[in-house]
Amino acid sequence: MRPSAIVYTSGTGFTARYAALLSQAADLPAYDLREPEGPPSGSAVLYLGWLRAGSIVGLRRARSRYRVAAVCPVGMMEGDAAGLAKVTASNHLENTPHFYLRGGYAPEKLRGLSKVMMTPMKALLTRKAPATEADLAAQEALLHGADWVEPQQLEPVLNWLRAQ
Ligand SMILES: Cc1cc2nc3c(=O)[nH]c(=O)nc-3n(C[C@H](O)[C@H](O)[C@H](O)COP(=O)(O)O)c2cc1C
């Protein structure tokens, strides 16, 4: 099922940047799910959504409106097998091609519930001295933000699109 458009939801801009990069590389239009303008209902789309507490924001709504051919969850985790398996299971992606993209973290842009949700997480993760380089990097990201957006991360999803 070749998607005819990209649809995305972004809170602080990282997912929107991936959607724009993909739109250019794959020559597909990209639409913000929350905007009135979008592909006709029932269209096959590639959906990009940011991860919030393991859930891909907007995916349920995208599925109710479109045929979601593939999904790109965008998060701040490194994307190890265990983390990705949880994303697959909690978002019912077993039968949907999906490609994790590491986005970033922009604490200064968080508002409302997202900000409230991250406060205890930040306290928990920055309480102890970091034991490993990875812990240190995670703490740095939570305190000061991070940007991991790279066009190269799109290669697997671009290869999948070429094969459709
Ligand atoms: C409340 C909250 C919960 C989050 N939960 C997760 C998570 O479960 N897994 C993950 O990898 N990243 C998580 N993140 C990080 C975001 O997914 C990451 O910052 C993402 O790049 C945001 O994309 P956006 O700029 O398009 O909103 C969380 C961020 C916030 C604010």
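Between V68, V116, V57, the residue with the greatest mean-square fluctuation in the GNM of the chain (Cα pairs under 10 Å linked by springs) is V116. The radius of gyration of the Cα set in the range 40-120, together with its Dmax, comes out at 13.4, 41 angstrom.
Can you give the FRET efficiency to the nearest 0.05 for W160 and R52, using r as the Cβ-Cβ distance and R₀ = 22 Å?
Values: r = 24 Å, r/R0 = 1.11.
Once rounded, the FRET efficiency stands at 0.35.
Under a Gaussian network description of the chain, with springs only between Cα atoms under 10 Å, the residue in K86, K115, K128 that fluctuates furthest is K128.
In debye to the nearest 20, how big a dipole does the chain give about its Cα centre with +1 on each Lys and Arg Cβ and -1 on each Asp and Glu Cβ? Present the calculation step by step, with values, prior to reporting the outcome.
On the way: 18 positive and 14 negative charges, 138 e Å.
For the chain, the charge dipole is close to 660 debye.
Each residue of the range 37-53 is assigned a 3J(HN,Hα), and the resulting list reads 6, x, x, x, 3, x, 5, 7, 10, 9, 9, 10, x, 7, 8, 10, 6 Hz, derived from the Karplus form 6.51 cos²θ - 1.76 cosθ + 1.60 (θ = phi - 60°), x at Gly and Pro. Distance between the pseudo-spin-label points of E150 and L124 (7 Å out from Cα toward the beta carbon): 2.9 nm. Between S90 and R61, residue separation times 0.36 nm minus the direct Cα-Cα distance comes to 8.9 nm. Stokes-Einstein D for the chain at 25 °C, 0.890 mPa s, Kirkwood Rh over Cα pairs, in µm²/s? Stokes-Einstein gives a translational diffusion coefficient of 149 µm²/s. Each part reduced to its alpha carbon centroid, the range 5-45 and the range 70-112 end up 16 Å apart. The angle between the Cα long axis of helix 133-144 and the main principal axis of the chain comes to about 80°, on a 0 to 90 degree scale.
Throughout, read-outs are computed from the coordinates displayed, never taken from laboratory work. Only a predicted model underlies this, so the values are computations on that prediction, with no experimental measurement involved. All Cβ positions, even for glycine, are placed from backbone atoms using ideal geometry, and neighbour counts span all protein chains on display.
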